[in-house]
1. For every helix of n ≥ 4 consecutive DSSP H residues, a contribution of -39,500 (n - 2.57) applies; sum these over the chain, divide by its total residues, and give [θ] at 222 nm rounded to the nearest 500 deg cm²/dmol.
2. Which pairs in the list 131/307; 190/234; 43/315 are over 20 Å apart, alpha-carbon to alpha-carbon?
3. About the Cα centre, and with charges only on the beta carbon of Lys, Arg (+1) and Asp, Glu (-1), how big is the dipole of segment 212-338? Nearest 20 debye, please.
4. Got a number for the accessible area of residue 269? Probe 1.4 Å, square angstrom, nearest 10.
5. Of all accessible surface on the chain at a 1.4 Å probe, what whole percent is carbon and sulfur?
6. With the dipole of the chain worked out from charges on the C-beta (+1 for Lys and Arg, -1 for Asp and Glu) around the Cα centre, which of 58, 68, 269 lies farthest toward the positive end?
7. Roughly how many Å² is the accessible area per residue of segment 190-273, as a whole number, for a 1.4 Å probe?
8. What trypsin sites (Lys or Arg not before Pro) does segment 258-328 have in DSSP loop regions with at most 14 other beta carbons within 10 Å?
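The values are calculated or read from the model by the stated rules, or taken from the named source; none is laboratory data. Every value quoted in this text rests on a predicted model; they were computed, and no experiment measured them. Here Cβ is always computed from backbone atoms with ideal geometry, including for glycine, and neighbour counts include all displayed protein chains. Side chains included, ligands, DNA and RNA excluded: accessible areas come from the protein's heavy atoms. Shrake-Rupley method; radii C 1.70, N 1.55, O 1.52, S 1.80 Å.
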Amino acid sequence: MASVEKASDEATYVNPKKFKSSNEEPKESKKYSVHESLKDLSKFQLKRVLNNNAQKKLLCVEGTFADHDGAAIVLLEKKAFVEEKLDEHLFTESSKLSKEFENDVYGNYNCFPSIEHNSIKTTIIHPAMEKHIAKFENQPIHIVEETPKLYEEITLPHLKKEQFSLQWVYNILEHKAEKERIVFEDPDPKTGFVLIPDLKWDGSLETLYLLAIPMLKGIKSIRDLDQSHLPLLKNIRDAGTKAISKKYSGFPASQLRIYFHYQPSFYHLHIHFTYLKYDAPGIFTEKAHLLSTVINNIELMGEYYSKATLSFVVKESETLFSKYQAHGVLSSQSVEKK
Ligand code: M7G
């Protein structure tokens, strides 16, 4: 698969004056942000490893930046190979080999490709709140069978109080951030949306990952969807797949996985578009809901998502876990703790 222009990894979190990791939302913007001046990682002081995933080649750490207040999260992930221009990028004399050992016809080497073809995708969240740290921390997880009653009594009050800031979403919709990255935009206030590369995407088609963000505010998640949203959902499906095909040399709709997360991290409705062969994070049955299934369920029964029991996964470190625990729905008995 061909490569496309690199998606820049723009984290839009803003920094208050004095900000340790807390659940207080940052109020002041830009001025104190580490993102304005960061050129290397020498000022990063490691506190602890949150997640070291050998399979995904991903390391997530918590720490601080020497000249900035507040906790920081640094997420480093090795990138997929890009098949295009392998001769120019990889099979050259700049790709130095160092031999580990040889045995008969077998040889083991370390290869050091040139610096520009050896980058690590890096996402930095600063200042990071406790909620961010909980989100990235490797923790025991549990499934909640959320009835509409449990949603009303536990989940909804929790997310009204403690949800992540949606500022980065509004920045995209209002062209205040990532404007040049927008792949498609339909400005209709009811059925329109912005299609944009996801923060997680490294820009190669093997890991294609875009997000559709509706213009319409106030739809928190699939729980809020009903028949009045069908024109929006169908527009996102049709115009989204068309725009992807146009932008990425005929990428077919039949090779896209188009889905919602439940629970999402951010409660402004959004739809994930990923390449079907890419095992993107969050595509498992306990989290992903295909857009086509959601449309079909609503067509069969307009109130489906306000009436259904929806399963979701929660980490023990999240406050929502303690709330379900206090309600007697979950226990903290974990395989990991035995
Ligand atoms: P989610 O289902 O709410 O959360 O998806 P989760 O998948 O992270 O658990 C939100 C999506 O928005 C994720 O795929 C993020 O990678 C993506 N995302 C988050 N932020 C803060 C940004 C951002 O600033 N820009 C872009 N383009 N995508 C983001």
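1. Numbers: 8 runs with 65 residues, N = 338.
About -5000 deg cm²/dmol.
2. On the way: 131/307 29 Å; 190/234 12 Å; 43/315 30 Å.
In this structure, 131/307; 43/315 exceed 20 Å between Cα atoms.
3. Numbers: 16 positive and 10 negative charges, 65 e Å.
Here the size comes out at about 320 debye.
4. Here the residue's solvent-accessible area equals roughly 10 Å².
5. Here carbon and sulfur together make up 52 percent of the probe-accessible area.
6. Of the listed residues, the answer is 68.
7. On the way: 2700 Å² over 84 residues.
About 32 Å² of surface per residue is accessible.
8. Values: sites: 277, 287, 307, 315, 323; in loops: 277, 287.
Answer by residue number: 277.
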